[in-house]
1. Restricting attention to segment 234-248, does a residue exist that is touching a strand residue (DSSP E or B) at 6+ places or on another chain (Cβ under 9 Å), part of a strand (DSSP E or B), at pLDDT 95 or above and surrounded by fewer than 23 Cβ atoms within 10 Å (Cβ to Cβ)?
2. Filter segment 159-168 down to residues that are buried (at least 20 other Cβ atoms within 10 Å of the Cβ) and in a helix (DSSP H, G or I), then give me how many there are.
3. Can you give me the ranges of the strands (runs of 3 or more DSSP E) entirely in segment 170-222 with at least 3 residues that are outside the structural domain of ALA232 (by TED's automatic domain parsing) and closer than 18 Å to PRO147 by Cβ?
4. Restrict the check to segment 281-303 and report whether at least one residue is within 25 Å of GLN223 (Cα to Cα), β-branched (Val, Ile, Thr) and free of Cβ contacts under 8 Å to residues at least 60 places away in the same chain.
5. For segment 300-313, which residues satisfy the criterion of being loosely packed, with under 13 Cβ neighbours inside 10 Å and either modelled with pLDDT of 95 or more or under 15 Å from VAL351 (Cα atoms) (or both)?
6. Given the structure, is ASP199 among the acidic types (Asp, Glu), within 19 Å of LYS272 (Cβ to Cβ) and in contact with a Gly (Cβ under 8 Å, 6 or more places away or on another chain)?
7. Looking only at segment 131-152, which residues are within 18 Å of ALA240 (Cβ to Cβ) and in a helix (DSSP H, G or I)?
8. Can you pull out the residues in segment 170-217 that are under 30 Å from GLY139 (Cβ atoms), of a type outside the set (A, V, I, L, M, F, W, C) and crowded, with 20+ Cβ neighbours inside 10 Å?
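The values are calculated or read from the model by the stated rules, or taken from the named source; none is laboratory data. This is a predicted model, so every value here is computed, not measured. Positions of Cβ are generated from backbone atoms using ideal geometry, with glycine treated the same way; all protein chains shown enter the neighbour counts.
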Amino acid sequence: MWIGSPCWFCGASDKGAHKKLHGSTAKIPWKVDCNRNLKRRGKYRSWVYMTLDQRETKTKQKEDFSKGSLSLPQRPRRNRKSDAIRSLTRETILLPQHLVYPIFIHADSYVKPIPSMPDCQVHSISSMLEQVDMAYRWGVQNVILFPKIDVKLKSNTASECYNPNGLVPQAISEIKSKFPKVMVWTDIALDPYSSMGHDGMVGDIVQGKQKQSVILNDETVQQLCRQALCHAAAGADVVAPSDMMDGRIGAIRMALDEKGYTYVSICSYTAKYASSFYGPFRDALDSAPVDIPGVPKDKKTYQMDPGNALEALREMELDEHEGADMLMVKPGLPYLDIIRLIRENTTLPVVVYQVSGEYAMIKAATQQGWLDEKQCVMESLLCFRRAGANAILTYFAKDAAQWLVEQDDIARKSFLQ
């Protein structure tokens, strides 16, 4: 609308201009009925609120279109016209070195399939080494270990987690001896070792006259420090606390530094949400909370509420202050906004975990023939990078690295120098 114009709705200066704009509408009282007529023709909002330049441009485009072409100075499709141009202008890239390969291990000598995670297995030490070798040959230089512990070794204190002769220290030692350039990450949490299936020790507290079972924070942190020291002594390059206990990053950093492990990195699970996407992982490791009266049925008192975003910034600030070297968001695709939020508020590397439920969904859909596995996997991983992730934990790491090498003709030798 042009304020002060004779027609309050279209800006026509007189009836002649009004007739030129609207044709037959000039037959009806032009100041009164212009609004109604334009609404009827579906043009009121798009026309009334245009500036003069916009109206002239629209009129010119209409004339150009009648001649068979549009006068468009900006045509974004010009930067999409060939693979060479698309590659040149691509804002985000994905490479094998951006991937971290999670490997499930157990102390048995056989490989155990995981029904809810097709093509994933719980590996023996020897088959684990084969997986590391294959992944490394395709350029994946980082692996993270997740142990399935014999039920006989589990306890509420999870003391097996810092057994120097345990499964994880043995696996670390084997990898580092055969593949010294591979960076070995380890999960720091009690749930694989806990008879309660929780990331922390379960204990009773008294509030008033009521006794309640809770996940103990400070007592758990002490165990986590012992676990991190055990893994560092075995040769771990990165410890990744996934427990979400308060204060554990600072305590672990102090414990490592006091023992001389200043070179061991900490990748904190900064924003680990109480998600429904972890089911297949818990199936693989038998690490779900137990159904015992009095024991918390879920992990919502220490993992984050899926409805919260600003809380992730609070956790980020604490982890930075306490000495984290990398910050992780878990799960991945449902939390792209959190990845971006943290990326925009920290200078530390950001890591994302494409979790077991995400993997299982893609696998299930592709096995039904509904989706193309390779295309969907590569798109999802690229989206993590676009959102701001420096590194991606994904069960597709080995396959994705191979696809990248074959697709982009990356020289594998460059990874093995």
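1. Yes.
2. Total meeting the criteria: 5.
3. Where strands (runs of 3 or more DSSP E) fall fully within segment 170-222, none carries at least 3 residues being outside the structural domain of ALA232 (by TED's automatic domain parsing) and closer than 18 Å to PRO147 by Cβ.
4. Within segment 281-303, not a single residue is within 25 Å of GLN223 (Cα to Cα), β-branched (Val, Ile, Thr) and free of Cβ contacts under 8 Å to residues at least 60 places away in the same chain.
5. If the condition is that a residue be loosely packed, with under 13 Cβ neighbours inside 10 Å and either modelled with pLDDT of 95 or more or under 15 Å from VAL351 (Cα atoms) (or both), then ASP305, GLY307, LEU310 are the ones that fit.
6. No: the conditions fail for ASP199.
7. Across segment 131-152, the qualifying residues are VAL132, ALA135.
8. Across segment 170-217, the qualifying residues are THR186, ASP187, PRO192.
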